[in-house]
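Data block below; observations after.
Nothing in this text is a laboratory measurement; each read-out follows from the coordinates by a stated rule. Every value quoted in this text rests on a predicted model; they were computed, and no experiment measured them. Cβ: placed from backbone, ideal geometry, glycine included. Neighbour counts: every protein chain shown.
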């Protein structure tokens with residue numbers, strides 16, 4: 001069953017507003033002063049999934065490998081991640097977060113959680129769980145569409161994420 005056009009229009013508008021609000025929170029808080037969003041997400045991914053090569057890391061985040069490589073180089077220069085040769089293929093390097101990288105990521109994670117908790121303080125637990133489930137479902141749809149070899153929608157180019 002196809003969603004009604006007015007329901008899709010409401011979702012489209014609310015996602016536009018949501019992106020604007022995410023940007024406002026980013027600008028009006030100090031959450032990402034020391035660790036930007038790209039660094040945070042790379043370190044969070046490495047913490048959850050373990051050390052990875054650049055191609056695997058790029059694929060898991062929907063990034064071009066060259067973008068992921070540049071972001072990892074920035075992490076490495078800041079002492080937040082290290083690269084080491086892959087045991088099976090020394091031409092590949094494995095990216096591992098440093099203890100300092102994990103410490104900073106955990107700090108940002110805590111600040112982000114506090115911000116969300118503050119914004120949703122008057123929401124019921126049921127509503128918070130429902131929002132989390134809907135974000136998860138939406139993010140999985142995006143990943144299925146853009147992180148795989150599925151062709152882009154007609155009239156649109158496949159985006160290459162930078163953050």
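Compare 89, 47, 118 in a GNM of the chain, Cα atoms joined below 10 Å, and give the one with the largest fluctuation.
Top of the fluctuation ranking is 89.
What distance in nm separates the simple spin-label points at residue 6 and residue 137, each placed 7 Å from Cα in the Cβ direction?
2.0
Starting from 0.36 nm per residue, how many nanometres of slack lie between residue 20 and residue 130 once their C-alpha separation is accounted for?
Result for the pair: 37.4 nm of gain on full extension.
Taking springs between alpha-carbon atoms closer than 10 angstrom, which of 12, 126, 48 fluctuates most in the Gaussian network model of the chain?
In the Gaussian network model the winner is 12.
Give the angle, between 0 and 90 degrees and rounded to the nearest 10, that separates the Cα long axis of helix 5-28 from the longest principal axis of the Cα atoms of the chain.
50
Which one of 112, 27, 91 has the biggest mean-square fluctuation once the chain is modelled by GNM with Cα springs under 10 Å?
Sorting by GNM fluctuation, first place goes to 91.
Give me the extension gain from residue 29 to residue 73: residue separation times 0.36 nm, minus the current Cα-Cα distance, reported in nm with one decimal.
So the extension gain works out to 13.2 nm.
Quick check: residue separation of residue 107 and residue 145 times 0.36 nm, minus the Cα distance between them. What number comes out in nm?
Extending this stretch completely gives an extra 10.5 nm.
What ranking of 8, 42 emerges when the number of other C-beta atoms within 10 Å of each C-beta is taken as an exposure proxy, fewest first?
Starting with the residue having the fewest Cβ neighbours, the order is 8, 42.
Just need the relative contact order of the chain here, percent rounded to a whole number, with Cα pairs under 8 Å and 6+ apart.
In percent, rounded to a whole number, it is 23.
So what's the back-of-envelope 222 nm ellipticity for the chain, counting only DSSP H runs of four-plus at -39500 (n - 2.57) apiece and dividing by all residues, rounded to 500?
Counting only the DSSP helices, I get -20500 deg cm²/dmol.
Cut-off is 10 Å between beta-carbons; in what order do 121, 29, 56 appear when sorted fewest neighbours first?
121, 29, 56
Match the structure shown to one of the listed values (i) 62, 38, 27; (ii) 46, 30, 24; (iii) 54, 39, 26 of Cα extents along the principal axes in Å, computed from it, and give that label.
Of the listed options (i) 62, 38, 27; (ii) 46, 30, 24; (iii) 54, 39, 26, (iii) comes from this structure.
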